[in-house]
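Since the structure comes first, as structure tokens, the remarks are kept for the end.
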Amino acid sequence: MEPILQDWEDFARSLGSVTSSMDTVDLRDHAELMLRAVAADLETAQSPAQQEAKSEGDAPPPPAHLPPSAATSHGVLRAEDGFSLEQMVAEYRALRASVLRLWAKVQAPADPESFQQLMRFNEAIDEALADSIQTYSHAVDQMAETKARQRMEALGTLTAGLGHDMANVLLPMRMCLETLTDEGLTPATAPLVDALHRAVEHLTGLTRGLRALSIDLDNSAASSHSIVLSEWWASAISPFTWALPKGVRLHAEGLGTVDNALPPVHIPAHVLMQAVFNLVQNAAHALGQRNAANPGAEPTGNIWITARLEVATHSAAGSIARGAVHLTVRDDGPGMDAGTAARCTEAFFTTKAKNHGTGLGLFLVRTVVERHGGKLFVESKVGEGSSFTLILPLAGAEVPVTTALASDPVAARPR
């Protein structure tokens, strides 16, 4: 057995940096135990039906009271040691080649019994490899979950500290603005101070949200606040306009007016501001990707913010409907492929260059919206742009059908 184990060790050592600091015991790991298990399997009588089931991967699992097999443990340890799946599979290929090479030196190729043993050896190696892959994959998933949980805990600590520091800065700002207001403002300065007041109130709301997020990362609590979109947009438009590059045009459609407003939605104003502002900034960044060949060029393109009421009739008479407002941020940028679009709202997922993105923007948008009973849907097509739709539940949950858009009386759905 030693020549086979030495071959295994030599091959494992050749896999690069992942094995550079490993000693003989670590390199060989469970190789000897796996080989002994294969030898025991070859000596165990099997019926033709058992052999056929095993060759097709349908062998019964071992009894639950038995300890994990060597191959099972090997998969876990190789994952913890930082092996890639390809490297672990390559170990098995090398093991198979080493055994077959030595086998060929001592066995007659035409011997029927040797041929049968060779088949059973390959089946045993395949079974061990399958066990290792299964436990390797499970171990990798567990490590990823642990890492994500630790990063979320660190995020909670960060948001608590950031919320505290923001509150300390906002207090003197508020006092200064109140002093300026008390001393009298000119027609030229009054709108500027009013805009600063609104900005401070928005940041105050975000501070409360950061504090809430730091103690409620699983979003088990939610606010009961509601807003009218037309009123929200009237106060929110200035920050959006100031924050966009000059070459990006912002279009707003369907947000309503005071006289023709959409029904109130169940979400606080500062939370909606946080979500939509993130989406608009994300869209502006995407528009900048069109000029990637010219890093100094300003982003150019269009961003649309649109809102519409979607209702689904639930009563037999059709007089009452349950509905939601669909608020969409759309751009005509380069768009995303299907894989990126599917993952873009995951925590810490980003396609931006290092130090230019945390992978938390879209994740926080989804989190804060879901916290208040809403949903976020993503649609994108390469070369055409992306759209992010917030499904915002109505504050009253039910509205008369007569308030719905006559041209679109269908059940709420992402577009």
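Computed from the coordinates by the stated procedures, all read-outs in this text should not be read as laboratory data. On a predicted model such as this, the values are computed, not experimentally measured, just so you know. Cβ sites come from the backbone with ideal geometry, for glycine too, and all protein chains shown count toward neighbours.
For a footprinting-style exposure proxy, rank 136, 92 by other Cβ within 10 Å, fewest first.
Final ranking by Cβ density, sparse to dense: 92, 136.
Quote the FRET efficiency, to the nearest 0.05, computed for residue 395 versus residue 52 with a Förster distance R0 of 60 Å and r equal to the Cβ-Cβ distance. Please report the intermediate quantities before stating the final value.
Details: r = 64 Å, r/R0 = 1.07.
After rounding to 0.05, the efficiency reads 0.40.
Using a 7 Å offset from the Cα along the Cα-to-Cβ direction at both residue 196 and residue 45, what is the distance between the two label points in nm, to one decimal?
Output for this residue pair reads 9.4 nm.
At 0.36 nm per residue, minus the direct Cα-Cα distance, what do residue 96 and residue 300 gain on full extension? Give it in nm, one decimal, please.
Numbers: separation 204, 0.36 × 204 = 73.44 nm, distance 5.82 nm.
So the extension gain works out to 67.6 nm.
For residue 81 and residue 230, compute 0.36 nm times the residue count separating them, minus their Cα-Cα distance, and round to one decimal in nm.
Working: separation 149, 0.36 × 149 = 53.64 nm, distance 5.62 nm.
Using 0.36 nm per residue and subtracting the Cα-Cα distance, I get 48.0 nm.
Would you calculate the separation in nanometres between label points at residue 142 and residue 32, each defined as 7 Å from the Cα along the Cα-to-beta-carbon direction?
Those two pseudo-labels are separated by 2.6 nm.
What ranking do 372, 251 get, fewest neighbouring Cβ atoms within 10 angstrom at the top?
On the way: 372 21, 251 10.
Listed from fewest to most nearby Cβ atoms, that is 251, 372.
Fully extended, how many nm does the chain gain between residue 384 and residue 24 (0.36 nm per residue separation, minus their Cα-Cα distance)? Write out the running numbers ahead of the final one.
Working: separation 360, 0.36 × 360 = 129.60 nm, distance 5.55 nm.
Going from the current span to full extension adds 124.0 nm.
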